[in-house]
Structures are given as structure tokens and as C-alpha cells.
Ligand SMILES: Cc1cc2nc3c(=O)[nH]c(=O)nc-3n(C[C@H](O)[C@H](O)[C@H](O)COP(=O)(O)OP(=O)(O)OC[C@H]3O[C@@H](n4cnc5c(N)ncnc54)[C@H](O)[C@@H]3O)c2cc1C
């Protein structure tokens, strides 16, 4: 029986494998793709805070462009700052490989073109079938993306709600960047309950489609000797679909719990991962509450709200300013609870949103 198997070599799996390999445990990473990170199914935006808070220093090898933050744009073109914390447009394929290489450098074994087809509890650990071979492992990390086989076979899935995402890439000379310094988030009725992003980035023309977890109902994100991380656990921001930062955060935590469980020879030590991740800002119920409400806002309401925030940082909102708005626009008072929660959501998204 080996110490640990990580299924999936995305950012979440790479991060979990790094913790296990650095602690000296025999770690095997199983990845169904022939080349880690390819094809890319991501717009490749991540915040600097997301990287640094998980111990990753931005590396020129995979940084494509630095941005100053993100703005939200209303249907009438007015906008406000979502965050002024900097971030990056990265090269996801190179980033994913860099993440996994970090684990390989510490002794992990990477097996590409290896699809896991079955997982079952076995002899105090887990039995995995991949490419017709059987592997027994004390610990398993399910980092196998939004359609996670690991979560399903471990019996953790109750219901999975996903959203479809489409990405259109244009040459800079064909479409002038609307704001080369910021990521732009567009809301409005024309997106039919969804949203649109514009990212400045140097890329070739391409169309990409993929799924993003929206609301995943898992009985637990862990079982004895097992944890699910990143998209496999549905840990993406429902406000905007960002999953790289939640992936590396949950991957790091799962890796740390796995190391503790191997050290103590206690598979049940991994169950605590579920509680810690669920109480993290990434899965705060206010995010779902807020996006469900904002989806129902009319363009008129959206425009009125954004006009009040026009060109400013939401932190500049004071009680005095809000009272002034209530006097000038009494219809907004009816939405006072939503606005209060919107500020809480923006506070969360500032650091943990992307
Ligand atoms: C169009 C689009 C744009 C996006 N843009 C952004 C963005 O700008 N910023 C952001 O933060 N997030 C974005 N996301 C979300 C982000 O891409 C994901 O949240 C992120 O990739 C999650 O990382 P992960 O490691 O959990 O899963 P993944 O990156 O999906 O990695 C899972 C890995 O597991 C492998 N795998 C799956 N099943 C098996 C199996 N049975 N056996 C072996 N290997 C398996 C897969 O091949 C894959 O390599 C976007 C998503 C889409 C679809």
C-alpha cells in the first residue's frame, strides 16, 4: 500500500501533492490528460493574494500580465471597483505544470494518460483502478475537476448544480482592450441570470467551453483517508466562477490534513478538513444568497445601484452617504437588506473572490 494518491493534476491536485511530497510521503499523481494543463479551459485570472496566501510566489514563467484589480460594469456602462488588490492573467498550462513539477521535485511520481475509473474503500485505505491497474493507497485526494469520479465513488455526492461557461479569445489588434489595467465583470438582464468577464491578455483567437461548479451538495468533503478539493468539491466562487484560488487553498489544506493523518496513522484525522473548508470564506452562504438575488435584479435597479457607487471603491460607502441615497432614491430603501449583504459579499470577494 502506498501513502497517497492524488487524482487530477490541476492546481488543486498539484497543491495537495506538494504538501504530501514535501513531507516525505510516497505520492502518486494520476492524470488522465497526456500533457498536464492542456487543453486550457480557463480564462486564467488569479489574484496575487490567492497565490501569496498559499505560499506561492508569482513566477515570470507563467505570468502573462499583471492587472490592478477588477471592476463591475452595469448595463448603462457605469462601474465601480470590486477590488483594487492586484492580480494576474496567467498561462494556465504552464502554471499547472509548474505546480505539479514542485511536487515531482520533492519526490512525487506523476503518471499522465492515466484515467481513474473506479475507487472503493479497501483495507483501511482506498483501492483505485486506473488504466486496468489496481493501486492501494492509505490516502486519496480527489482533485479530478467538476465531474469528480472520486467524490461519486466515495459516496459523497447528493446533488451537483453546474454552470456552462464560454470563452472567446481575440487578438488585441482586432478588439481594443476596454480597460487594459482591470478585469471587467458585466452584469445585466442580457446575460440571463449569468454574467460576462472581459480579461486583457495576449492570446490567439480561440473559443473555449467548460463547466464550473455552481452549487455542490456533498454529504461531506472528506471521508476517512480521503478528501475532495477544488472543482471536485464545488469550491468555486458563485459570484464570478473563479476556482484557481479556492483550488489551491483547498488543495493545500487537504494536503496538510493528509500529512497529519499519515503521521498519526489515523485516517479519521482527515474528517476535520470538511469542517475547516466549509467554515472558510470560500463557502460562505452569503455568496449564494447574493448572486441569487442579483440575478433577479432588473437593469434599472442594477443601473441605479451602480450609479451610487460610480467610479468609487465600495469601501468609500459610509452610513451618511447611504442615508443620502435613501432620501434621494426612496425606492432603494426596499432593497436595504440586499445592499447590506452586497457590502458583506464585496468584503469577502475583495480577498477571497478571485
Ligand atoms: C471557461 C472557463 C473560464 C474560467 N476562468 C477562470 C478564471 O479566470 N479564474 C479562475 O480562478 N477560475 C476560472 N475558471 C475555473 C477554473 O478553471 C477551475 O475552477 C480550476 O481549474 C479548478 O482547478 P482543479 O484543480 O480543482 O480542477 P481542474 O483544473 O479541472 O483539474 C482536474 C484535473 O483532473 C483530471 N481528471 C479528471 N478526471 C480524472 C480521472 N478520472 N482520472 C485522472 N485524472 C482526471 C483532469 O484532466 C484535470 O487535469 C474557469 C473555468 C472555465 C470553464
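What the table below lists for this structure:
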item	result
Criterion: in contact with a helix residue (DSSP H, G or I) (Cβ under 7 Å, 6 or more places away or on another chain) and free of Cβ contacts under 8 Å to residues at least 24 places away in the same chain - qualifying residue of 260, 336	260
Matching residues in the stretch 240-257 - criterion: being touching a residue at least 60 places away in the same chain (Cβ under 8 Å) and farther than 19 Å from residue 89 by Cα	250, 251, 252, 254, 255, 256
Residue within the stretch 150-158 that is within 14 Å of the ligand (Cβ to nearest atom), out of contact with any strand residue (DSSP E or B) (no Cβ under 7 Å at 6 or more places or on another chain) and closer than 27 Å to residue 220 by Cα present	yes
Residue check for residue 93: modelled with pLDDT of 95 or more and either in a loop (DSSP other than H, G, I, E, B) or within 17 Å of the chain's Cα centre (by Cα) (or both)	yes
Candidate set from the stretch 1-27 (those that are surrounded by fewer than 22 Cβ atoms within 10 Å (Cβ to Cβ) and under 20 Å from residue 118 (Cα atoms)); member that is modelled with the lowest pLDDT	1
Matching residues, the stretch 274-299, being under 18 Å from residue 53 (Cβ atoms) and touching a strand residue (DSSP E or B) at 6+ places or on another chain (Cβ under 9 Å)	277
Residue in the stretch 54-68 that is surrounded by the fewest Cβ atoms within 10 Å (Cβ to Cβ), counting only those that are touching a strand residue (DSSP E or B) at 6+ places or on another chain (Cβ under 9 Å) and farther than 28 Å from residue 113 by Cβ	66
Complete set of residues in the stretch 48-65 that are within 15 Å of the ligand (Cβ to nearest atom), modelled with pLDDT of 95 or more and not in a helix (DSSP H, G or I)	53, 54, 56, 58, 62, 63
Matching residues in the stretch 5-47 - criterion: being in contact with a strand residue (DSSP E or B) (Cβ under 8 Å, 6 or more places away or on another chain), away from the ligand (no atom under 13 Å from the Cβ) and outside any loop (DSSP other than H, G, I, E, B)	20, 21, 27
Qualifying residue in the stretch 195-214 (condition: modelled with pLDDT of 95 or more, in a strand (DSSP E or B) and more than 30 Å from residue 69 (Cα to Cα))	no
Total residues in the stretch 70-90, condition assigned to a strand (DSSP E or B) and either under 18 Å from residue 345 (Cα atoms) or without any contact (Cβ under 8 Å) to a residue 40 or more places away in the chain (or both)	9
Among (1) away from the ligand (no atom under 14 Å from the Cβ); (2) surrounded by 14 or more Cβ atoms within 10 Å (Cβ to Cβ); (3) free of Cβ contacts under 8 Å to residues at least 40 places away in the same chain; (4) farther than 25 Å from residue 184 by Cα - the single one residue 308 does not satisfy	(4)
Residue within the stretch 117-126 that is closer than 21 Å to residue 20 by Cα, within 12 Å of the ligand (Cβ to nearest atom) and touching a helix residue (DSSP H, G or I) at 6+ places or on another chain (Cβ under 7 Å) present	yes
Members of the stretch 211-240 that are on the phi > 0 side of the Ramachandran plot and in contact with a strand residue (DSSP E or B) (Cβ under 7 Å, 6 or more places away or on another chain)	225, 234
Complete set of residues in the stretch 136-149 that are over 25 Å from residue 237 (Cα atoms) and either near the ligand (Cβ under 10 Å from one of its atoms) or crowded, with 20+ Cβ neighbours inside 10 Å (or both)	137, 138, 139
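The values are calculated or read from the model by the stated rules, or taken from the named source; none is laboratory data. Source: prediction; values computed, not measured. Positions of Cβ are generated from backbone atoms using ideal geometry, with glycine treated the same way; all protein chains shown enter the neighbour counts.
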